[in-house]
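Worksheet: one structure, shown below.
The values are calculated or read from the model by the stated rules, or taken from the named source; none is laboratory data. Worth saying up front: this structure is predicted, and the values here are computed from it rather than measured. Here the Cβ positions follow ideal geometry from the backbone for every residue, glycine too, while neighbour counts run over all protein chains shown.
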Ligand SMILES: C[S@@+](CC[C@H](N)C(=O)[O-])C[C@H]1O[C@@H](n2cnc3c(N)ncnc32)[C@H](O)[C@@H]1O
């Protein structure tokens with residue numbers, strides 16, 4: 001895996017500052033802000049060979065991993081999607097603070113609705129998701145955004161492919177390509193590819209992907 005060029009130190013300083021603000025508002029999980037940056041930079045390394053032009057962060061919250069990917073890839077454009085108005089307002093502020101206006105659209109909407117919008121559906125090279133939900137919910141909410149051939153990266157606890165049954169993924173047009181991290185790794189990601197356009201019946205109505213998951217996970 002080729003090393004990523006390191007972040008510009010001034011941008012890194014502002015990124016950490018923004019993530020600290022996210023923490024104060026309750027939008028960031030436990031751990032030092034820099035740990036969240038490193039987690040997302042590990043993802044950036046795994047994405048860099050794909051050279052995405054357009055990516056979507058599903059359930060961006062306080063901006064992880066989206067804001068870090070924008071910092072690592074200066075030519076990337078992104079949609080940061082979150083259902084919560086307060087988080088979306090924070091994300092707009094963060095985008096301006098970091099000088100990413102013009103490269104980013106913050107969409108305050110549920111994935112179940114946004115995944116049916118023209119201009120968003122079937123249009124992303126990469127979708128990333130960290131702590132969005134259980135596997136089936138994440139897959140169903142993410143798949144409609146991918147163009148055919150696009151990739152989904154989901155931050156995962158360590159584990160095997162049994163979390164992602166082949167038949168359940170196939171309903172969404174997805175195949176599991178790779179589990180990154182291995183037993184010794186610090187960070188774990190599952191990588192999928194959209195081999196076919198996601199079927200029209202997905203995503204189902206608001207809340208249904210979580211209430212009636214397409215597949216169960218052991
Ligand atoms: C646990 S947070 C994770 C935030 C961030 N990705 C991180 O790792 O720090 C999950 C986020 O997903 C958003 N979310 C949950 N379900 C959603 C849905 N159906 N559509 C859009 N956003 C959703 C929540 O509002 C929340 O901000």
Exercise. Just to be sure, is residue 114 within 16 Å of the ligand (Cβ to nearest atom) and under 19 Å from residue 209 (Cβ atoms)?
Worked result: yes
Exercise. If residue 64 passes every condition in (1) without any contact (Cβ under 8 Å) to a residue 60 or more places away in the chain; (2) in contact with a helix residue (DSSP H, G or I) (Cβ under 8 Å, 6 or more places away or on another chain); (3) part of a loop (DSSP other than H, G, I, E, B) but one, which one does it miss?
Worked result: (1)
Exercise. Which of the residues belonging to segment 121-132 are in a loop (DSSP other than H, G, I, E, B) and either in contact with a strand residue (DSSP E or B) (Cβ under 7 Å, 6 or more places away or on another chain) or at positive phi (or both)?
Worked result: 122, 123, 130, 131, 132
For this session: Evaluate the following for residue 80: is it outside any loop (DSSP other than H, G, I, E, B), modelled with pLDDT of 95 or more, in contact with a helix residue (DSSP H, G or I) (Cβ under 6 Å, 6 or more places away or on another chain) and under 30 Å from residue 211 (Cβ atoms)?
Result: yes
Exercise. Between residues in segment 78-103 that are closer than 23 Å to residue 141 by Cα and in contact (Cβ under 8 Å) with a residue 12 or more places away in the chain and residues that are away from the ligand (no atom under 13 Å from the Cβ) and in a helix (DSSP H, G or I), which pairs lie under 6 Å by C-beta distance while being six or more apart or on different chains?
Worked result: 78/70
For this session: Could you list all residues from segment 182-216 that are in contact (Cβ under 8 Å) with a residue 12 or more places away in the chain, within 16 Å of the ligand (Cβ to nearest atom) and in a loop (DSSP other than H, G, I, E, B)?
Result: 186, 187, 188, 198, 202, 203, 204, 205, 206, 207, 213, 214
Exercise. Just to be sure, is residue 162 near the ligand (Cβ under 9 Å from one of its atoms), in contact (Cβ under 8 Å) with a residue 40 or more places away in the chain and surrounded by fewer than 22 Cβ atoms within 10 Å (Cβ to Cβ)?
Worked result: no
Exercise. Looking at (1) more than 11 Å from the ligand (Cβ to nearest atom); (2) surrounded by 19 or more Cβ atoms within 10 Å (Cβ to Cβ), which is the only condition residue 65 fails?
Worked result: (1)
Problem set entry | Which listed residue is modelled with pLDDT of 95 or more and within 12 Å of the ligand (Cβ to nearest atom), from 133, 119, 150, 102 | 133
